[in-house]
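The next block holds one structure in the form of structure tokens; read it before the comments.
Bear in mind these aren't lab numbers, they're just calculated from the coordinates by the rules spelled out. Quantities reported herein were computed from a predicted structural model and do not represent experimental measurements. Positions of Cβ are generated from backbone atoms using ideal geometry, with glycine treated the same way; all protein chains shown enter the neighbour counts.
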2 protein chains.
Amino acid sequence: QAPSPPTTTSCRCPQVNKSISSLKPFEKLDVVLPSSLCPRPEIIGIVKDTKEQVCLNPDTPTMKVVLKAIRRTR
Amino acid sequence: QAPSPPTTTSCRCPQVNKSISSLKPFEKLDVVLPSSLCPRPEIIGIVKDTKEQVCLNPDTPTMKVVLKAIRRTR
């Protein structure tokens, strides 16, 4: 599920791709922190070469660790 | 230290800002995974409102946890 273009009051990832378990295909991860635009964190993977953007599931064990670590310093 | 524009064989963060400890000013973190372009992971914070890009230190405890979690699924 590709992220939708940011509008004034919406999240970029209305849905997340729950089937992706490995981050191997990705060259970059955008970790979008909660804001007035979107109250929940979003993680968007940018696929190598194709640059396709994929909304990743923030509830996987890995992402929970990532977000927890980030939250601790905000 | 702002990231330099990506060239064929260079990293975006020749230097990192070692003084930043809180991630509060940031709306998004770009976690650039190691690649042929740049053998080391890079973390670029995008500052709220100004959209300024800041190269963050990947060796802080938080970033080490983030990168370790990501490495586990690659």
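Points worth noting:
- At q = 0.09, 0.11, 0.21, 0.22 Å⁻¹ the log10 of I(q)/I(0) for the protein assembly as shown amounts to -0.25, -0.38, -1.56, -1.70, computed by Debye summation with a single uniform scatterer per C-alpha, solvent ignored.
- Our summary gives chain A a relative contact order of 28 percent, counting only alpha carbon pairs under 8 angstrom and 6 or more residues apart.
- Debye-sum result for chain B in log10 I(q)/I(0), which assumes one identical scatterer on each alpha carbon, at q = 0.17, 0.23, 0.24, 0.27 Å⁻¹: -0.63, -1.10, -1.18, -1.37
- Here is how far apart the B:Arg74 label points are across copies: 2.4 nm, shortest first, using a point 7 Å from Cα toward Cβ.
- Pairs beyond 26 Å (Cα-Cα), from A:Lys24/A:Lys64; A:Lys24/B:Lys48; A:Lys24/B:Lys24: A:Lys24/B:Lys48; A:Lys24/B:Lys24
- Note on B:62-74: average number of Cβ atoms from other chains within 10 Å of each residue's Cβ is 6.
- The mean count of C-beta atoms from other chains within 10 Å of the C-beta of residues in A:13-20, rounded to a whole number, is 0.
- 10 Å Cβ neighbours from other chains, averaged over peptide B:26-36: 5
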